[in-house]
Amino acid sequence: MAHSTTAQSQTIECGYEDLLWEEDTDCHSPRDLWKENNLLYVATYGALKIYDVTEPDEPILAASHFDSEGIFYGRGVVVNGIGYFAASSSGLSIIDLSNPNTPIHLSTLPTGSNAVDLEVSGGIAYVVNINDTLTAVDVSNNTNPTIISNTTTIDSPQRISLQGDYAFINSFSTFTCIDVSTPISPTVVYVDSSPVQITAFKPHGDIAYACARDGLRVYDIADPSQPTLLSTTPGTGPTTGISIHGKMLSCADFDEGLFTYDISTPETPELLGVRSQITEPTETLLVGDRCYVAGNRRLAAFDVSTPRQSPFISSLQPGKFPATAASSKINDNGLLFSLSNGSIRCVDISDPTTPIVVSDYTPINPTTSITVAGNYLYTTAAGVGVVTIDYTNPALPAEIGLFEYSFLFDEIQTTNSFIYFWNGDVLYGFNATNPGSLSQIGYVEVDDTPGNFAASATDGSRGYFLNTSGRIYMFQFTPSGDMIYLGEYNTGPYLGSGKAFISVSNGIAVYGSWSSTGFHIVDLTNQSFPQFLGTISPQETPEGAVIQSEKAYLLDGLLGSVEVVDLSNPAVPVKIGKFARNEYATTIAIHEDLCIFGDGIHGLRIVRTGACDVPCLPDTNNDGQLTPTDFTAWIGAFNTNAPECDQNGDGMCTPTDFTAWIANYNAGC
């Protein structure tokens, strides 16, 4: 007998390989998408782009047109080669696009105040205007359109969808239904009065789907004058851009990315996937198992045939988080420390689903950098020295020690029971066995250090200190705390004056700065012969990097996104995932399987780093190895109906999974 199981492995969260194509829209944010024949039309502010999608995975730009005298673009639709556009203050704009390279202006008709959207059916264009009106226009003669009616709708209408004899119009707060069976005298038959904000509305037969602040809403509209709420699937952020094709629905979640749902059972949509590789998506268009998505200055195409889950766990509202060149550190107890403008915020992320602000503390002396070891936080105070703060009780931090030093320590690093500080061209070491009373071990001075100190990192018993000239100084830390200068890497790209960063793991370093050209990779395993491996270019600005388990997490500051790169072969880095935050971010930290990134203006965001890992299906005992013991483990999983049983991804545990396990085992991971 077959027994159902919750498949452990066929759903992964990142799906970077699903991003088939992406293009910059030249600073014009897409507002609408539609398709006719093999042409994809993308309406932006003041422009229209036309793509040939004969090969759906490789769209080719066929034409670009911009507003000009007598020709205006906006949201709209193309019907038999004729484009109808809601052209803002110009009203209805009709353009012959039968030859995509040579648009011909047919007519323009003012429709009141700004026209924001329209639909065309039966020779009538229904234009929604921002002044709360629906204008019906006879377009049977495209060169001489005629207004036949104006109907008052809802405040600040935004979008319109037609379903038979009814027009559904939504604003950013509600929706209404208008009977347009008689275009010369449309009649309002329903206005929604629910308190939630409706940001998009899409009828589909007797069912309608609405994007709302509380999630994806499903309505029964068999009687359009009395829509009935059937269900609500919780969402995360402002959602727009609904598209439906067959049994799949897509929508754009401004915070999270592209959402896809199975609507085989219309009243209970089932979430199929979340893809966060495009920033601030606003519009979607489903065409088979391909989905075109318009976002912040970007246009992308995704393969949506494979289920994906969101890596998002939680977020924390703005506050005293790093907003400039500050830092975030995490201790073993799951306490996150963020330094911003001299103040330290402590956040408990031991339960990442509900991060809690434990304390805000401003040290007596101005603080420039921090590091953490156990329950103790060490800070540098300009012109004062090194301060030890006890966080044994994180709600009541207490300063318990001060090592006085008149110069400014630029950066702190810890390893075992020792603390290391960099000042100018000198590395100082301290014994921190007694955290409240640091004792100096000694120092090492490095001669001829052009540029200023920029950032530092540790990798096991080695320390790495980076300056703005792109040089990396390498030290060995002995068990007794002594510092041995190993040499320097001095042929890297110049970093400039922007905030810099460096992360090193197993001798592979990723470094850069806000003003550098990208994320630079260098092999430091042999300190005598460091080797520059290459540069990964960000979409906007490099802001930070952390390496963990042969993966680099690269923070793009202006986009507020983290790109995940496989460094198992550091000479050939492979992009495997992306976590989008959609707002500016200045700090990134990794703790176990968590990635935390954000800034002081927009808050912090927590995601699962394992979101981009492809599970090893035949490793049924989850020990990280493929051995004959996995066969025994599969038998146990079959007998207990465990998720590891399902090897063919059909959601069932059946004898056919044994054959699938053999194939998976032979294929390896």
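Share of carbon and sulfur in the accessible area of the chain stands at 49%, probe radius 1.4 Å.
Suppose the chain between Thr102 and Thr306 were pulled fully straight at 0.36 nm per residue; how much longer would it get relative to their current alpha carbon spacing? Walk me through the numbers on the way to the answer.
On the way: separation 204, 0.36 × 204 = 73.44 nm, distance 3.90 nm.
Between Thr102 and Thr306, full extension yields an extra 69.5 nm.
If packing is taken as the mean number of other Cβ atoms within 10 Å per residue, what is the order of 30-41, 57-68, highest first?
Numbers: 30-41: 18.9, 57-68: 14.7.
For the peptides 30-41, 57-68, the packing ranking is 30-41, 57-68.
Can you check how the C-alpha radius of gyration of the chain compares to 2.2 N^0.38 Å, as a plain ratio? Write down the numbers at each step before the final one.
Working: Rg = 29.3 Å, N = 669, 2.2 N^0.38 = 26.1 Å.
Here the answer is 1.12, to two decimals.
When you count the other C-beta atoms within 10 angstrom of each residue and take the mean per peptide, 109-119, 435-445 line up highest first as 109-119, 435-445.
Just the projected area, averaged over all directions, of the convex hull on the alpha carbon atoms of the range 549-600: how many nm²?
Working: hull surface 14.7 nm².
Spelled out: convex hull of the Cα atoms, projected over all directions, averaged, 3.7 nm².
When the chain is described by a simple charge dipole with +1 on each Lys and Arg Cβ and -1 on each Asp and Glu Cβ, the residue from Phe658, Thr629, Ser516 located farthest towards its positive end is Ser516.
Subtracting the Cα-Cα distance of Ala663 and Thr525 from their residue separation scaled by 0.36 nm leaves 45.9 nm. Here the range 73-166 carries DSSP beta bridges of which approximately 100% are antiparallel, counting only pairs with both residues inside.
Computed over protein heavy atoms with a 1.4 angstrom probe, the accessible surface ordering of Ile662, Ile601, Ile521, largest first, is Ile601, Ile662, Ile521. In this structure the amide hydrogen of Lys499, modeled in the peptide plane, comes within under 5 Å of the amide hydrogens of Trp514, Ser515, none closer than 5 places in sequence on its chain. Note that the chain presents 39 Å² accessible area per residue, ligands and nucleic acids not counted, probe 1.4 Å.
So what is the 222 nm mean residue ellipticity for the chain from helices alone, if each DSSP H run of at least 4 adds -39500 (n - 2.57) and you divide by all residues, rounding to the nearest 500 deg cm²/dmol?
Working: 2 runs with 24 residues, N = 669.
So the helix-based figure for the chain works out to -1000 deg cm²/dmol.
Charge dipole of the range 513-669 (Cα centre as origin; +1 on each Lys and Arg Cβ, -1 on each Asp and Glu Cβ, all else neutral): 320 debye, rounded to the nearest 20. For the chain, the tally of Lys pairs with Cα-Cα distances below 15 Å comes to 5, considering only residues 8 or more apart or on different chains.
Using Cβ point charges alone (K and R +1, D and E -1), the dipole size of the range 136-261 about the Cα centre works out to roughly 160 debye. Annotation: extensible slack from Asp262 through Ala63 equals 68.2 nm (criterion: 0.36 nm per residue apart, minus Cα-Cα distance).
When the charge dipole of the range 33-76 is built from unit charges on Cβ atoms (+1 for Lys and Arg, -1 for Asp and Glu) and taken about the Cα centre, the candidate among Phe72, Leu61, Leu33 whose Cα reaches farthest toward its positive end is Phe72. Distant-in-sequence amide contacts of Ala200, defined by a placed amide H-H separation under 5 Å and a gap of 5 or more residues or a different chain, comprise Cys211. Apply the a/c threshold of 1.5 to the C-alpha gyration tensor of the range 240-303 and tell me whether it is rounded, prolate or oblate. Note, shape of the range 240-303 comes out prolate.
Most tightly packed first, judged by the mean number of other beta-carbon atoms within 10 Å of their residues, the peptides 343-349, 379-385 read 343-349, 379-385. Sparsely packed loop sites in the range 177-269 (the trypsin sites (Lys or Arg not before Pro) outside DSSP H, G, I, E and B with at most 11 other Cβ atoms within 10 Å) comprise Lys247.
Under 5 Å from the amide H of Asn452 lie the amide H atoms of Thr468, Ser469, each residue being 5 or more positions distant or on a separate chain, with H modelled from the backbone and absent for Pro and chain starts.
Distances between every pair of Cα atoms in the range 258-368, grouped in 5 Å steps from 0 to the bin holding the largest one, split as 2, 10, 15, 14, 11, 10, 11, 11, 8, 4, 2, 1, 0 percent. Farthest toward the positive end of the dipole of the chain, out of Gly112, Phe172, Pro269, is the Cα of Gly112, where the dipole comes from beta carbon charges about the Cα centre.
Under a Cβ-only charge scheme (Lys and Arg +1, Asp and Glu -1), can you give me the dipole magnitude of the chain about the Cα centre, in debye to the nearest 20? Each step should come with its number before you reach the end.
Details: 26 positive and 73 negative charges, 161 e Å.
The calculated dipole for the chain is roughly 780 debye.
3J(HN,Hα) along the range 553-564, derived from phi through the Karplus expression 6.51 cos²θ - 1.76 cosθ + 1.60 where θ = phi - 60°, amounts to 10, 10, 8, 9, x, 5, 7, x, 10, 10, 9, 9 Hz, with x in place of Gly and Pro.
The values are calculated or read from the model by the stated rules, or taken from the named source; none is laboratory data. Remember, it's a predicted structure, so these values are computed and weren't measured experimentally. Neighbour counts are summed over all protein chains in view; Cβ atoms, including those assigned to glycine, are modelled from backbone coordinates with ideal geometry. To get the accessible areas, we keep the full protein, side chains included, count just its heavy atoms, and leave off ligands, DNA and RNA. Shrake-Rupley method; radii C 1.70, N 1.55, O 1.52, S 1.80 Å.
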